[in-house]
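Encoded as C-alpha cells, the structure appears first; notes follow it.
The values are calculated or read from the model by the stated rules, or taken from the named source; none is laboratory data. Because the structure is predicted, anything quoted here is derived from the model rather than measured. Positions of Cβ are backbone-derived with ideal geometry, glycine not excepted, and every protein chain shown enters the neighbour counts. SASA here: full protein model, heavy atoms, side chains in, ligands and nucleic acids out. Shrake-Rupley method; radii C 1.70, N 1.55, O 1.52, S 1.80 Å.
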Amino acid sequence: MQRPRLFWSFFIFIGMLAVVFTGCQNSPTPAGNTPSDSLSKAAVTPPPVSQRKFGLPVDSFTVIEKTIERNEFLANILELYQVNEPTIALLAVKSKGVFDIRNIRAGNQYTVFCTKDTLQKALYFVYQPNAIDYVVYDLRDSISIYTGKRAVTTRTLTASGKIEGSLYETFKKAGADPGLAMKLADIYAWSIDFYSIHEGDWFKVVYEQQYIKDEPVELGTIRSAVFSHDNEPFYAFYFQSDSTQPGEYYDEQGKTLRRFFLKAPLKFSHITSRFTMRRFHPVQKRWKAHLGTDYAAHTGTPIIATGNGVVIESQFSRFNGNYVKIRHNNTYTTQYLHMSRRAVKRGQHVRQGQVIGYVGSTGLATGPHVCYRFWKNNKQVDPLRQKFPSAEPISQSALPVFDQYKQAQRQQLETIKIEEIR
C-alpha cells in the first residue's frame with residue numbers, strides 16, 4: 001500500500017533539519033573561542049597569590065611597621081593597639097623560653113598585624129632583633145610565641161685596598177661596609193697591631209655577604225684574607241676541621257691566629273704614649289718612667305680584656321682613677337686605668353674580648369684614654385714586645401684537606417686587584 005506523498009515529505013523535512021543542526025554543532029569557530037578552550041583556560045588560571053610577611057597573609061590585616069623608640073617597651077606599644085594588661089603580663093611569662101621581652105632594643109623594627117576595622121586591635125606583634133631573625137607574638141585567644149628567619153641568599157664577594165689612615169677609615173672612604181674592617185680587626189687581633197698600620201700597607205679579602213630580596217643585610221664569614229704590614233704578608237684562612245665545632249682562622253702553616261693575648265684593649269684607637277723608662281709626665285711636669293701603653297679614644301669606648309682571667313681588683317684610686325686588674329695565670333697580669341666606669345667586679349671570671357669597662361679620664365689624666373699595663377712574673381714589661389704561643393694548630397689528619405682549601409683560597413686572593421672594593 002502506498003503511503004501518502006505528504007507523509008514522505010514530512011520525513012524528508014525532518015532529515016534536512018537534522019543535517020543542518022549537526023553542521024552547526026561541528027562548524028569551525030574562531031581560534032580560542034571554542035567552549036572547550038574556555039573551560040581549559042579557566043582550569044589552568046592560577047588563583048591570586050596572597051602576599052605574605054613573616055608567614056602571615058598581609059591582605060587579612062591592617063599592617064603597621066615602625067621602629068622601637070627610646071624608652072619604649074613592648075607593654076606601652078601593645079597598649080596602643082587595644083591589648084590589655086593581663087594579656088601583656090601573660091605574654092611576658094610565656095616568652096621567657098623563646099625571647100625575653102627585656103631584650104627588645106631601641107632602633108630595631110617591629111610590625112603589628114591588626115584587625116581591619118576602626119578598632120585596629122593587634123592580633124600579631126613581630127619584633128626583629130636584626131635583619132634576618134624575627135619573633136612572632138600571637139596575641140589571639142591562645143597566646144603563643146615563636147621565632148623565624150627571613151629567606152636569605154649568600155654571595156661571595158671580594159674587597160681590597162691600600163691603607164689610608166685607619167683600617168676603618170679606609171673602608172669608609174672607599175664606600176665599603178665598615179663592618180668588614182671590624183671583622184678583619186678581630187681576625188688579626190693577635191698578630192697585627194692596628195694602631196701601627198700605615199700608608200703602604202694593603203689587604204685583600206674574600207668574604208660572604210647575605211641578602212634578602214637582593215638587599216644586603218648582614219656580613220657573613222670572611223673566607224680568607226691577606227694583610228700586608230711593613231711588607232710582611234699575614235694570611236688568614238677560615239677552616240672548620242670538625243663539623244661539631246666552629247671554625248677558626250689559620251695561617252699558611254695551619255697554625256691558628258688566635259693567641260694567648262690580644263694586641264690591645266681597644267679595637268680602634270691610636271697610641272699616644274708607649275712603654276718607656278723616661279717620659280715627661282703631662283700632669284706632674286717631670287721626667288719619670290711610664291710603665292704602660294696609652295691608647296686614646298672617645299669617652300665611653302668599650303675596653304676589653306686582652307686575655308681570659310679573674311678580676312683581682314676593680315676600684316677607684318687617686319692616680320689610677322677607675323681601674324680593673326686581671327690575673328690571667330701565675331705568669332701574666334694586666335691592668336686598665338682611667339676608666340669612666342667599670343663593668344666587672346672583683347672575683348669575676350672574664351673571657352678574652354669581654355668588655356670590662358669604658359674609656360674615661362678619671363685619676364691622673366689629661367684626656368680620655370686607657371693606660372694598659374702588663375706584668376710578667378711580677379715585673380712590668382712592654383706588652384707590644386712580648387711573644388705569645390698560639391693555640392692548638394690543625395690536627396695532622398685534617399692538614400691534607402686544609403692544604404687543598406688553602407691553595408684554592410690563595411689563588412682567589414691573587415686574582416684580586418689592590419684598591420678594588422666592590
With Kirkwood's inverse mean 1/r over C-alpha pairs for Rh, give me the Rg to Rh ratio of the range 193-266, two decimals please. 1.03
Enumerate the calculated ³J(HN,Hα) couplings along the range 393-401 in order (Karplus 6.51 cos²θ - 1.76 cosθ + 1.60, θ = phi - 60°), each rounded to whole Hz, writing x wherever the residue is Gly or Pro. x, 5, 5, 4, 5, 8, 4, x, 5
Check the straight Cα-Cα distances from K255 and name the aspartates and glutamates below 13 Å, setting aside those fewer than 8 residues away within the same chain. E392, D403
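Determine the gain in length on full extension of the stretch E164-Q412; use 0.36 nm per residue of separation and subtract their C-alpha separation, reporting nm with one decimal. If you can, show how the numbers build up before the last one.
Numbers: separation 248, 0.36 × 248 = 89.28 nm, distance 2.42 nm.
Taking 0.36 nm per residue and subtracting the Cα distance, the gain is 86.9 nm.
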Taking a 30 Å limit on the Cα-Cα distance, which of the listed pairs K149/K173; K172/K417; K204/K263; K94/K116; K162/K325; K53/K417 fall beyond it? K149/K173; K162/K325; K53/K417
Potential extension, Q404-F319 segment - 0.36 nm per residue separation minus Cα distance: 25.1 nm
Please give the solvent-accessible surface of R274 in Å², to the nearest 10, using a probe radius of 1.4 Å with every protein chain present. 120
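Please compute the net charge surrounding P302, taking Lys and Arg as +1 and Asp and Glu as -1 over other residues with Cβ under 13 Å from its Cβ. Could you put the intermediate results ahead of the total?
Details: positive: K267, R341, R342; negative: none.
Taking every Cβ under 13 Å from that of P302, the sum is +3.
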For L90, what accessible surface area do you get with a 1.4 Å probe? Give it in Å², rounded to 10. 80
How many percent of the alpha carbon pairs in the range 286-422 exceed a separation of 23 Å? 49
Mean separation of Cα contacts under 8 Å, 6 or more apart, over the residue count of the range 309-383: relative contact order %: 32
Taking a probe of 1.4 Å, how large is the accessible area per residue of the range 139-256, in Å²? 49
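Could you tally the net charge around E252, taking each other residue with its Cβ under 12 Å from the Cβ of E252, Lys/Arg +1 and Asp/Glu -1? All intermediate terms of the calculation are to be shown ahead of the outcome.
Details: positive: K255, K406, R410; negative: D251, D403.
Around E252, the charge tally is +1.
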Whole-number accessible area per residue in Å² for the range 298-411, which is evaluated in the context of all protein chains at 1.4 Å: 54
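How much of the accessible area of the range 69-144, in percent, comes from carbon and sulfur atoms when a 1.4 Å probe is used?
Roughly 49 percent, rounded to a whole number.
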